[in-house]
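> Below you'll find the structure I mean.
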Amino acid sequence: MAVEYDLIVLGGGPAGYLGAERAAKAGLKTALFEEKSLGGVCLNEGCIPSKALLNSAKLYEHAREGAKYGVLCGEVRLDQKAVVERRGRVVRTLVSGVAAKMRGAGVKVFSARAKIAGRVDGGFSVEAGGEVHTAARLLIATGSSAVVPPIPGVRENLGGFVATNREILTLTEVPDRLAVIGGGVIGLEMVAYYAAAGAKVTVVEMLDHIAGATDRELSGMLKRELEKKGVKFLLSHKCLSVEPGKVAAEAPDGSRVEIPADKVLLSIGRRANVRDIGLEALGVETNRAGIATDAQCRTNVENVYAAGDVNGHHMLAHTAYREAEVAVNAMLGRRDRMRYRANPSVIYTLPEIASVGLTEEEAKAEGVEYEVKKLSMRYAGRFVAENEGGDGLCKILVDKKHRNVLGVHLLGSYASEIIWGAAEMIETELRVCDVKELIFPHPTVSEILREVIWEFDDAAK
Ligand code: NAI
């Protein structure tokens, strides 16, 4: 019996929908299964809605500080309900855009949860909504979910007093006091929003620093910027319990601290969605991070691929896009592979952080011989013109001997828009002398890269 499709995609997030579109456009008869809404966590309850909120916070901050720029505003107020409604409109527009893309590419979309059922002649079977569908190949792109730890009171209050990334984006009132458990990417972006919106924010973070693997100097600067806005950080504090009205944590000296709160955001990490999708029916291997994949996003089972958060490599939407393309190219027999060295990451706080390549901490740990130079963002004229009293940093690492760029780390406005250029430098192995020959538009904040590069000698001393 012939299989129904060339490819079945499980999950309609960035990896799933982009993989489906690329495959269908390349001529593969493709079906995609999504149980919730097309666009996945990124579009519905992650990257995009959080950016809609943060843009409102940015405007609000600008309006309140307008006088610094000669703009006198009357009463400035943040209408949380309107902010959240706009977030919804943005999401709906983009979800319908993804649906249109699927139609345009000829992808058959099913609104159902799919589970791998087993093998059939020439491929695999998938069960969804009581029906069985078959395909020659599978792309597993089921994403990730918020980690819910066994901390007393967390599970019982989930969706109510305790919010995850999902609920925190839909609050129609700004809580007076917000406690955030976990000072990583999700935590910090929401800290930036709610602190700007007027909440008294306290962050409980287990480590002695915020922002995970981010360059320590930058994360320290971000912490100070957020503290200026009234955010309180309890570092090296472990969350002990949660009950409506408060969070309890253990301080480094072993004492117990209680943080009064009207809402709690739980943001202690995400876990790959590998359960209950039928991996065992095929014997698909998993590891601690998620589904085990190689550089072509192939699993241990021939013709079964996994892309995006579910393979646990980077858990970033843009990485998911690229992984999906690599997986589809592997299906089509085209030469391609994942390279993560020049994978940029951004924390969309106010101000934002963007990084690519090695941090100093990583270079030291890997024994890489590097040279580092840094300058304040105030070396870029555009930054000074637009950021009254503000500051930021650009830090570049180059290989001591070969003089190629190893890492670029930025804190300040437009960092997220600049970083792809820095990623190009790393991807194409540009050396100091090569970057010096590039022309940057003036005046832009991106010129800071050029300023810092000119601090290096072309050749190793
Ligand atoms: P995360 O891994 O970035 O941060 C979690 C933090 O929680 C860590 O700093 C950890 O030390 C801390 N923690 C863990 N258990 C704790 C406890 N019991 N008490 C106190 N602190 C504790 O995880 P997050 O923020 O939930 O984000 C999840 C994923 O989503 C990340 O992998 C990130 O890459 C992705 N993401 C990316 C965004 C972006 O690219 N801008 C935006 C949002 C999410």
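> Test of understanding: among 215, 276, which residue is away from the ligand (no atom under 12 Å from the Cβ) and surrounded by fewer than 22 Cβ atoms within 10 Å (Cβ to Cβ)?
Details: 215 fails: surrounded by fewer than 22 Cβ atoms within 10 Å (Cβ to Cβ).
Of the residues listed, the single one that is away from the ligand (no atom under 12 Å from the Cβ) and surrounded by fewer than 22 Cβ atoms within 10 Å (Cβ to Cβ) is 276.
> Return the residues of the range 20-65 that are assigned to a helix (DSSP H, G or I), of a type in the set (A, V, I, L, M) and away from the ligand (no atom under 16 Å from the Cβ); say none if nothing qualifies.
First, the residues of the range 20-65 that are assigned to a helix (DSSP H, G or I): 20-25, 40-45, 47-64.
Remaining after also requiring of a type in the set (A, V, I, L, M): 20, 23-24, 41, 43, 48, 52-54, 57, 59, 63.
Of everything in the range 20-65, those that are assigned to a helix (DSSP H, G or I), of a type in the set (A, V, I, L, M) and away from the ligand (no atom under 16 Å from the Cβ) turn out to be 20, 23, 24, 59, 63.
> Select from the range 57-86 the residues that are among the small types (Gly, Ala, Ser) and touching a residue at least 40 places away in the same chain (Cβ under 8 Å) and list them in ascending order.
Taking the range 57-86 first, the residues among the small types (Gly, Ala, Ser) are 57, 63, 66-67, 70, 74, 82.
If the condition is that a residue be among the small types (Gly, Ala, Ser) and touching a residue at least 40 places away in the same chain (Cβ under 8 Å), then 57 is the only one that fits.
> Can we say residue 358 is under 27 Å from residue 317 (Cβ atoms), more than 16 Å from the ligand (Cβ to nearest atom) and not charged (D, E, K, R)?
Details: under 27 Å from residue 317 (Cβ atoms): yes; more than 16 Å from the ligand (Cβ to nearest atom): yes; not charged (D, E, K, R): yes.
Spelling it out, residue 358 is indeed under 27 Å from residue 317 (Cβ atoms), more than 16 Å from the ligand (Cβ to nearest atom) and not charged (D, E, K, R).
> Something else: Does residue 421 satisfy the condition of being among the small types (Gly, Ala, Ser) and part of a loop (DSSP other than H, G, I, E, B)? Walk me through it before giving the result.
Details: among the small types (Gly, Ala, Ser): yes; part of a loop (DSSP other than H, G, I, E, B): no.
It is false that residue 421 is among the small types (Gly, Ala, Ser) and part of a loop (DSSP other than H, G, I, E, B).
> Follow-up question, since we're still on this one. Determine, yes or no, whether residue 391 is at pLDDT below 95, more than 16 Å from the ligand (Cβ to nearest atom) and among the acidic types (Asp, Glu). Reasoning before the result, please.
Values: at pLDDT below 95: yes; more than 16 Å from the ligand (Cβ to nearest atom): yes; among the acidic types (Asp, Glu): yes.
The answer is yes for residue 391.
> Okay, moving on. Go through the range 296-330 and give me each residue that's more than 16 Å from the ligand (Cβ to nearest atom), in a loop (DSSP other than H, G, I, E, B) and surrounded by 22 or more Cβ atoms within 10 Å (Cβ to Cβ).
The first filter runs over the range 296-330 and keeps only residues more than 16 Å from the ligand (Cβ to nearest atom), leaving 296-306, 324-330.
Those still in the list that are in a loop (DSSP other than H, G, I, E, B) too: 296-297, 299-303.
Residues satisfying the conditions are 297, 299.
For every residue, the table says whether it meets (1) farther than 15 Å from residue 34 by Cα; (2) surrounded by fewer than 19 Cβ atoms within 10 Å (Cβ to Cβ).
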position: 96; (1), (2): no, yes
position: 102; (1), (2): no, no
position: 105; (1), (2): yes, yes
position: 112; (1), (2): no, yes
position: 117; (1), (2): yes, yes
position: 122; (1), (2): yes, yes
position: 126; (1), (2): no, no
position: 134; (1), (2): yes, no
position: 138; (1), (2): no, no
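So that you can scan it fast, the table gives a plain yes or no per residue for (1) of a type in the set (Ser, Thr, Tyr); (2) touching a Cys at 6+ places or on another chain (Cβ under 6 Å); (3) away from the ligand (no atom under 11 Å from the Cβ):
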| position | (1), (2), (3) |
| --- | --- |
| 138 | no, no, yes |
| 142 | yes, no, yes |
| 146 | no, no, no |
| 153 | no, no, yes |
| 156 | no, no, yes |
| 166 | no, no, yes |
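The values are calculated or read from the model by the stated rules, or taken from the named source; none is laboratory data. Just so it is clear, the model here is predicted, and its values are computed rather than measured. With ideal geometry, Cβ positions are generated from the backbone for all residues, glycine too; neighbour counts draw on all protein chains shown.
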